[in-house]
Amino acid sequence: MGQVQNKKPDAKKDDKHNQETEGLKKIDTYLRTIPTVTKKFKGRPQKKRSPTSAELLLDPKYSASKEGPFGLGPLVFPCLQRFNNIDCFMIFFIASVLIHGALFALADMILNLYHSLLTLSKRELYFMDFSGYIVSSLVAIFVAHFGGKGNRTKWIAAACILMAFGSILLGFPFSKYEIMKSGGQRVELCVEENKRRNIHCVTNSNPDRTKCICFFIIGQCLNGIAGMPIYILGKTFILDHVPTRSAGFYLALGHSAHLMGYFLGIFGGMKNLSPPPKEKLSAVDSAKIHLLLQFGWWKTFLFVAAISFSVFLVLLCFPTSLPGAHKLKLAKRKEPPTFDKRLKDQKIQPRFKGFVFAIWYMLRNPLLMTQAMCKVSESFAFHTSLEFLPYHLQTQFSITPQIASMLTGLFVIPGGVIGHFLGGLIVDRLEMTNKNKLKFSLVTSVVSVALFLLIFFVECETTKFAGINEDYDGLGKLGNLTAGCNYHCACTTSLYSSVCGRDEKEYFSPCFAGCSATKVQQNEKTYYNCSCIKEGLTTSDADGHFIDATDGTCNSNCLTLPLFFAFYFSATVFSTMCSTPIILIILQSVPANFSSLGQGVTVAITKFTASVPEPALFGTASSVACKFWDINACGVREKCWIYNKTTLVYVFIGIWVSFKLFTALLNIYAIHIYDYVVKGKISDSKTTHVKASKAQKERRA
């Protein structure tokens, strides 16, 4: 029993030992299993936690090169960082360019409205038309210098605010002052009451005339200033954030958007020229009819201001530099240099002296200055089309002024848009060097001249115009609209409304045709009892009255107008294809720290020439080609109504071709000096020839 009792404690010890052993095995299993499971779970993809605003602002990748997140100050939302790239910036940059182009189109339309309703003098018309160009030429270099060193996106955003204020100022007179008056288009007929009208020299009696002019000039100045950050800083910002080979495509989009915006502005403003329905006019008090007539303009300018303010809010969120800009900048430093070798390692020194020296460096850069002058000549050629093409269509193809202006806009502006975009796209796809871009500009300029000269051979038979090239069947004199058949009508030359008589002759107005009655038949205005129209077949209307003349010009039966526009549209496209390559060369002909200033100098030169020499040149050329002027009661020549057909053709083609040939010559010179300016040596062929001649001399020695 004693032995049995002694074994019991031993059994208890063994059980306790076995329990401890099993516990250790379980612990060992847990120690092996848990780490393995943990590794497996760690290997699974886990959803990353979105960084907070503070973490984004303190991210070290943003601090080295002014790269930052997309946000408004401390308000940075992680979900919006997908928009922090150059593609999203381009969307809103193009929107700002479209707004600027549309504003200038609307300003041109209401300037024509003011000119006809407020009787503007030549000095007032000049300052109202070119105030934006003058101010922009003065501020361009300062915006380029100070904006290039700051936050360029904020400068572009500030430009949108200026455009919003400028739009409101342009439209404000239509919301308060009486500018437009009710009543249809005035038609002057040959009636005895004409003798009793007041023909004394009087000025416009609108009491708000001066206020309207001031609001317009201030609005134009704001729009001119707003364009400088957009077209100077915006282009340099794009160039810094895209690879060199893709810069042409991005700049082509931004550059062509200006003309597209101008086209959209014309299209949007056209509906404001048509009067509201008669039902609305009859329901409004006579003292407030002008507000109803002008409400469309005020609404249009408010709409443009609202869009501009919306774009301002978005552009304000972009950082000084987008992510990846610093890396792209380091990669571009490894590319072969394309700028003047004298500017290598140069920096813009602080203070005014450094600013002046920097401008002097730009003016001494031959590549920059040749392309700046190319930009000037291209601007001259394009504006020549807008100025003289309507006159050419009126004179050559007997088209009314309204239709001629409409056809000019429909062909010249879209041609410019296509040319700007195609030029940048071709340069982008072919990855041209700067020297090849110069050759491309040369070729497109020569081709455009060849196409433009073809329109010289497209002409139509001249329509007979009473008093101009026809003497009222012997009753009058050439160059005098007044004859014995209309002397009693006391007609005025201030209202040009051509009519076509049944004798297939064109008359300056129904009054000069001697017409005393008018009716509207099937949406066509017809005239009766015309004392100057004696020949031709007579036709009667639905009421049995014999029609003597119809509204508009006579049909010249000319079938060459489509051919003319085919040549002209092609010439416009090729002429503007060099625009984007020129901008690229200007930006790349100086170091990156000088690019904004180089663009600013170019824009300042272009705007100055557009505001001073261009109006003088066009005015002189128009005077030379004019055949019949409108002379008001004060004895002042106001507008040319009829041009000499042959003289106008030579003036038009001479100015256009001269500027395009000037562009070609500048590019030839730039190609010749390119290697010396950039590399400090003459071209490879010349270098090889010089080395060969030296070696030959050494052998002889």
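Evaluation of residue 451 against the conditions (1) in a loop (DSSP other than H, G, I, E, B); (2) closer than 27 Å to residue 562 by Cα; (3) at pLDDT 85 or above shows that the sole unmet condition is (1). For region 360-372, a tally of residues being surrounded by fewer than 19 Cβ atoms within 10 Å (Cβ to Cβ) and either part of a helix (DSSP H, G or I) or among the β-branched types (Val, Ile, Thr) (or both) returns 3.
Right, residue 404: over 22 Å from residue 644 (Cβ atoms) and either at pLDDT 90 or above or of a type outside the set (Ser, Thr, Tyr) (or both) or not? For residue 404, the condition - over 22 Å from residue 644 (Cβ atoms) and either at pLDDT 90 or above or of a type outside the set (Ser, Thr, Tyr) (or both) - is not met.
Report, by residue number, each residue of region 532-560 that is touching a helix residue (DSSP H, G or I) at 6+ places or on another chain (Cβ under 9 Å) and at pLDDT below 75. Scanning region 532-560 gives a single hit, 556. Looking only at region 102-160, residues that are at pLDDT 90 or above and out of contact with any helix residue (DSSP H, G or I) (no Cβ under 9 Å at 6 or more places or on another chain) come to 0 in all. The residue pairs whose first member lies in region 64-75 and is under 17 Å from residue 86 (Cβ atoms), whose second member is at pLDDT below 80, and whose beta carbons are closer than 6 Å, counting only pairs six or more residues apart or on different chains, are 68/62; 69/56.
Any idea which residue in region 454-483 is nearest to residue 671 (Cα to Cα), counting only those that are charged (D, E, K, R) and part of a loop (DSSP other than H, G, I, E, B)? Working first, answer last.
To start, the set of residues in region 454-483 that are charged (D, E, K, R) comprises 459, 461, 464, 470-471, 473, 477.
Adding the requirement that they be part of a loop (DSSP other than H, G, I, E, B) leaves 459, 461, 464, 471, 473, 477.
On the way: 459: 38, 461: 45, 464: 51, 471: 57, 473: 61, 477: 57 Å.
This residue is 459.
Here residue 402 meets the list (1) loosely packed, with under 14 Cβ neighbours inside 10 Å; (2) closer than 30 Å to residue 117 by Cβ; (3) touching a residue at least 40 places away in the same chain (Cβ under 8 Å) almost entirely, failing just condition (3). When residue 619 is tested against the conditions (1) under 30 Å from residue 148 (Cα atoms); (2) modelled with pLDDT of 85 or more; (3) out of contact with any helix residue (DSSP H, G or I) (no Cβ under 7 Å at 6 or more places or on another chain), the lone failure is (1). For beta carbons closer than 9 Å, sequence separation of 6+ or different chains, a first residue in region 297-315 that is in the same structural domain as residue 114 (by TED's automatic domain parsing) and within 10 Å of residue 157 (Cβ to Cβ) and a second that is among the hydroxyl-bearing types (Ser, Thr, Tyr) and in a helix (DSSP H, G or I), the qualifying pairs are 311/96; 312/96; 315/96; 315/153.
Of all the listed residues (210, 203), the sole one being of a type in the set (Ser, Thr, Tyr) and either at pLDDT 65 or above or buried (at least 16 other Cβ atoms within 10 Å of the Cβ) (or both) is 210. Scanning region 349-394 for residues that are in contact with a helix residue (DSSP H, G or I) (Cβ under 9 Å, 6 or more places away or on another chain) and small (Gly, Ala, Ser) gives 358, 372, 377, 379, 381, 385.
Would you call residue 195 at pLDDT below 90, of a type in the set (D, E, K, R) and in contact with a helix residue (DSSP H, G or I) (Cβ under 9 Å, 6 or more places away or on another chain)? Taking the combined requirement at face value, the residue satisfies it.
Within region 445-464, how many residues turn out to be more than 13 Å from residue 661 (Cβ to Cβ) and crowded, with 22+ Cβ neighbours inside 10 Å?
Result for region 445-464: 2.
Is it the case that region 18-25 has a residue that's among the β-branched types (Val, Ile, Thr), at pLDDT 55 or above and closer than 30 Å to residue 222 by Cβ? For region 18-25, residues among the β-branched types (Val, Ile, Thr), at pLDDT 55 or above and closer than 30 Å to residue 222 by Cβ: absent. In the condition set (1) surrounded by fewer than 20 Cβ atoms within 10 Å (Cβ to Cβ); (2) without any contact (Cβ under 8 Å) to a residue 40 or more places away in the chain; (3) not polar (S, T, N, Q), residue 344 is compliant with all but (2). Listed by position, the helices (runs of 4 or more DSSP H) enclosed by region 500-618 include none that has at least 2 residues that are surrounded by fewer than 16 Cβ atoms within 10 Å (Cβ to Cβ) and touching a residue at least 40 places away in the same chain (Cβ under 8 Å). Residues that are free of Cβ contacts under 8 Å to residues at least 40 places away in the same chain and under 13 Å from residue 628 (Cα atoms) within region 457-481 comprise 469, 478, 480, listed in sequence order. The selection criterion, being under 31 Å from the mean Cα position of the chain (by Cα), at pLDDT 85 or above and not in a loop (DSSP other than H, G, I, E, B), does not hold for residue 357. Looking at region 316-341 only, could you name the residues that are free of Cβ contacts under 8 Å to residues at least 60 places away in the same chain and part of a loop (DSSP other than H, G, I, E, B)? The answer is 334, 336.
Looking at 384, 395, can you tell me which residue is assigned to a helix (DSSP H, G or I) and either over 18 Å from the mean Cα position of the chain (by Cα) or of a type in the set (A, V, I, L, M, F, W, C) (or both)?
Going through 384, 395 in turn, the sole match is 395.
The values are calculated or read from the model by the stated rules, or taken from the named source; none is laboratory data. Quick caveat: nothing in here was measured; it's all calculated off a predicted structure. For neighbour counting, all protein chains shown are included, and Cβ atoms are generated from backbone atoms with ideal geometry for every residue, glycine included.
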